[in-house]
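Structure, as structure tokens:
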Amino acid sequence: MSKGVLPTHVGIIMDGNGRWAVRQNKKRTEGHKAGAKNVELITNVAFSMGIKTITLFAFSSENWKRPKEEVELLFGLLKKYFKTHIKKIIKNKIKLNVMGDLEGLPEDVREIIKKQMEETKDFNDHVLNIALNYGGRAEIVKAVKTALEKGEEITEESISKNLYTYDFGEPELIIRTSGEKRLSNFMLYQSAYSEFYFTDVLWPDFNEECFKKAIDDYMNRDRRFGNINA
Ligand code: FPP
């Protein structure tokens, strides 16, 4: 039984699409298709549980090194996702946010994203934050530069204020699927006090039960933030 409070912000590193496909003698791209399908399921589960913000690591700034066919398929899936789900996203009052270097994205993807961010900007019940062409170190550098441009003194607070996620709060929990136990440049600054949950389950197989198990595990932890009396 859970004893703690539900996290308000959960980050997910959706890993293992390629291995899922290879294990079934399918092309890696089939794994990404299955992974994209799972995004809808898990975000629905999370929001219906009352979690406010979900941040998904969809495409890192390092993912450009993948074969052209795979990169094109990933952007195709993202476009399809944005086009297919926008009505439901608006109906459910979800704010859609994309964080990362948007200028480096294909123009058609960037245009859809900008339009949909604009259309959902006033919703505040839930946030679906998608990290695209994103890297945590680059985000910190950008935050420092922005703070300097604004004439702000460089402090932990001023850096934090200029991160993409400032309005959403820091993730209390970060989940990574597929057995890898690292952050891979995901929300480096924001994860200072995050709890981590690693599972061997590959992202396309990470179902409602798996997600609820991760949340339950988190809710049973003691979070002390460095204070032994907390
Ligand atoms: C990691 O699996 C997954 C990615 C690099 C991409 C994640 C993208 C999606 C789930 C689909 C589109 C997203 C949205 C938001 C609709 P991997 O290829 O690194 O797997 P492997 O480690 O087994 O090779």
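The values are calculated or read from the model by the stated rules, or taken from the named source; none is laboratory data. Fair warning: this is a prediction, and the values are worked out from it, not measured in the lab. Using ideal geometry, Cβ is built from the backbone for each residue, glycine included, and neighbour counts are taken over all protein chains shown.
Residues checked against (1) modelled with pLDDT under 95; (2) under 21 Å from Y164 (Cα atoms); (3) touching a helix residue (DSSP H, G or I) at 6+ places or on another chain (Cβ under 7 Å); (4) surrounded by 18 or more Cβ atoms within 10 Å (Cβ to Cβ):
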position	(1), (2), (3), (4)
V10	no, yes, yes, yes
M14	no, yes, yes, yes
F57	no, yes, no, yes
P67	yes, no, no, no
I89	yes, yes, no, yes
Just the residues that are within 14 Å of the ligand (Cβ to nearest atom), part of a helix (DSSP H, G or I) and more than 14 Å from the chain's Cα centre (by Cα), please, taken from region 188-210. P204, D205
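Looking only at residues in region 188-213 that are under 16 Å from V45 (Cα atoms) and free of Cβ contacts under 8 Å to residues at least 60 places away in the same chain, which one is surrounded by the fewest Cβ atoms within 10 Å (Cβ to Cβ)? Lay out the reasoning, then the answer.
At the first step, the residues of region 188-213 found to be under 16 Å from V45 (Cα atoms) are 203-213.
Then keep just the ones that are free of Cβ contacts under 8 Å to residues at least 60 places away in the same chain; that gives 209-210, 213.
Numbers: E209: 10, C210: 16, K213: 15.
Across region 188-213, the extreme among qualifying residues is E209.
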Just give me the residues in region 167-187 being of a type outside the set (D, E), surrounded by 15 or more Cβ atoms within 10 Å (Cβ to Cβ) and in a loop (DSSP other than H, G, I, E, B), in sequence order. P171, T177, S178, L183, N185, F186, M187
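Pull up region 128-154, narrow it to residues that are touching a Leu at 6+ places or on another chain (Cβ under 8 Å) and within 16 Å of the ligand (Cβ to nearest atom), then point me to the one that is farthest from F186 (Cα to Cα). It would help to see each step written out before you state the result.
We begin by selecting, within region 128-154, every residue touching a Leu at 6+ places or on another chain (Cβ under 8 Å); these are 128-133, 136-137, 139-140, 143, 154.
Retained after the next criterion (residues that are within 16 Å of the ligand (Cβ to nearest atom)): 128-133, 136.
On the way: L128: 16, N129: 13, I130: 12, A131: 9, L132: 11, N133: 11, G136: 5 Å.
Among those that are touching a Leu at 6+ places or on another chain (Cβ under 8 Å) and within 16 Å of the ligand (Cβ to nearest atom), it is L128.
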Take the residues in region 15-29 that are more than 25 Å from N185 (Cα to Cα) and not in a loop (DSSP other than H, G, I, E, B), then tell me which one is farthest from the ligand (Cβ to nearest atom). R23
